[in-house]
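Chemist: Sending over a structure as structure tokens; questions will come in a sec.
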Amino acid sequence: LHHAGIKRTVLLTGDRERVAQNIGRNAGLDEIHAELLPQHKVAFIEQLKRAGQRVAMIGDGINDAPALATADVGIAMGVAGTDIAIEEADIVLMNDRLDRLPLLIEVSRAALAVIKQNLWLFAFAVNIASILAASLGIIGTVGAAAMHQVSALLVVLNALRLLGHGSFSESIIGRRGHQLQHKAEHQLEHLTYWLKQRIPALSFSVAWRAGRH
């Protein structure tokens, strides 16, 4: 989740403090809040939203239903989840694998990107070009109708790319690509930090030498 750009992960549970701390530490979560009632979970999420943060809540039980409804995005576990939790959620995972959450985020972002491409490139740009071409007499009525159908076909074909998005991400090539991307980002962060540490020192050295001359 951190690699996917999620800055803060929090465990909200009604379980005992000792159990929650053990699970939270093993999972690498940023914050752990235990022995909570349903209204406490709701209050915590409302506090985050008032602070301007967008909140996604993942839950499976009856006690999670109010929090799922309060969050910006509610995600229910489809297999072990209760009916009321599934009803209140915006997204239902068809399995109980929490390790699929980064893939859910990735596919959601890809879907938003495809929507923007379809709106601006295939729908807006192609239709504007068709209108201009028709007004200038470059294409006739039949040509304009054909262009409209082509733009609709391009929208559908572009959206169909999402069907194979998850399969590619979980393939050997996709996983290796993500690993290389994360490694490159990590190296870039180190390089940026190194340059920030060195540039002030280099600037001072050049200025000192120029002053001597």
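Chemist: Looking only at segment 140-157, which residues are of a type in the set (Ser, Thr, Tyr) and either surrounded by 13 or more Cβ atoms within 10 Å (Cβ to Cβ) or in contact with a Cys (Cβ under 6 Å, 6 or more places away or on another chain) (or both)? Don't jump to the end; show me each part of the working.
Modeler: Within segment 140-157, the subset of a type in the set (Ser, Thr, Tyr) is 141, 151.
Passing the criteria: only Ser151.
Chemist: When you go through Asp83, Asp90, Asp96 one by one, which is the residue that is more than 17 Å from Leu11 (Cβ to Cβ), in contact with a strand residue (DSSP E or B) (Cβ under 8 Å, 6 or more places away or on another chain) and either open to solvent by 50 Å² or more (accessible area, probe 1.4 Å) or acidic (Asp, Glu) (or both)? Before the answer, list the steps.
Modeler: Working: Asp83 fails: in contact with a strand residue (DSSP E or B) (Cβ under 8 Å, 6 or more places away or on another chain); Asp96 fails: more than 17 Å from Leu11 (Cβ to Cβ).
None of the other options fit; the residue is Asp90.
Chemist: Related question: Select from segment 15-50 the residues that are over 18 Å from Ala69 (Cα atoms) and part of a loop (DSSP other than H, G, I, E, B) and list them in ascending order.
Modeler: Filtering segment 15-50 down to residues over 18 Å from Ala69 (Cα atoms) leaves 15-35.
Asp15, Arg16, Gly28, Leu29, Asp30, Ala34, Glu35, listed by residue number.
Chemist: Continuing with this model, one more query. For segment 15-28, does any single residue satisfy the condition of being open to solvent by 80 Å² or more (accessible area, probe 1.4 Å), without any contact (Cβ under 8 Å) to a residue 60 or more places away in the chain and at positive phi?
Modeler: Scanning segment 15-28, I find no residue that is open to solvent by 80 Å² or more (accessible area, probe 1.4 Å), without any contact (Cβ under 8 Å) to a residue 60 or more places away in the chain and at positive phi, so the answer is no.
Chemist: Same structure, new question: Tell me which residues, restricted to segment 29-63, are open to solvent by less than 30 Å² (accessible area, probe 1.4 Å) and either closer than 24 Å to Gly5 by Cβ or small (Gly, Ala, Ser) (or both). Let's see the steps before the verdict.
Modeler: At the first step, the residues of segment 29-63 found to be open to solvent by less than 30 Å² (accessible area, probe 1.4 Å) are 34, 41-42, 45, 48, 55, 57, 59, 61.
If the condition is that a residue be open to solvent by less than 30 Å² (accessible area, probe 1.4 Å) and either closer than 24 Å to Gly5 by Cβ or small (Gly, Ala, Ser) (or both), then Ala34, Lys41, Ile45, Leu48, Val55, Met57, Gly59, Gly61 are the ones that fit.
Chemist: Out of everything in segment 158-188 that is charged (D, E, K, R) and at pLDDT 75 or above, what residue ends up being surrounded by the most Cβ atoms within 10 Å (Cβ to Cβ)? If you could, list the steps in order and put the result at the bottom.
Modeler: First, pick out the residues of segment 158-188 that are charged (D, E, K, R): 161, 170, 175-176, 183, 185.
Now narrow it down to the ones that are at pLDDT 75 or above: 161, 183.
Values: Arg161: 12, Lys183: 10.
Out of the qualifying residues, it is Arg161.
Chemist: If you don't mind, another one. Which one is modelled with the highest pLDDT, of the residues in segment 58-97 that are of a type in the set (S, T, N, Q) and outside any loop (DSSP other than H, G, I, E, B)? If you could, list the steps in order and put the result at the bottom.
Modeler: Within segment 58-97, the first condition is being of a type in the set (S, T, N, Q), and the residues that meet it are 63, 70, 82, 95.
The next check asks that each one be outside any loop (DSSP other than H, G, I, E, B); those that pass are 63, 70.
Numbers: Asn63: 87, Thr70: 95.
Filtering segment 58-97 for residues that are of a type in the set (S, T, N, Q) and outside any loop (DSSP other than H, G, I, E, B), the one modelled with the highest pLDDT comes out as Thr70.
Chemist: Just one of (1) without any contact (Cβ under 8 Å) to a residue 60 or more places away in the chain; (2) closer than 18 Å to Leu12 by Cα; (3) not β-branched (Val, Ile, Thr) trips up Leu101, so point out which.
Modeler: For Leu101, the exception is condition (1).
The values are calculated or read from the model by the stated rules, or taken from the named source; none is laboratory data. Predicted model only: the values in this text are computed from it and were never measured. Quick reminder, even Gly has a Cβ in these numbers, built from the backbone with ideal geometry, and neighbours come from all protein chains shown. For the accessible areas, the whole protein counts, side chains as well, though only heavy atoms, and no ligand, DNA or RNA atoms are used. Shrake-Rupley method; radii C 1.70, N 1.55, O 1.52, S 1.80 Å.
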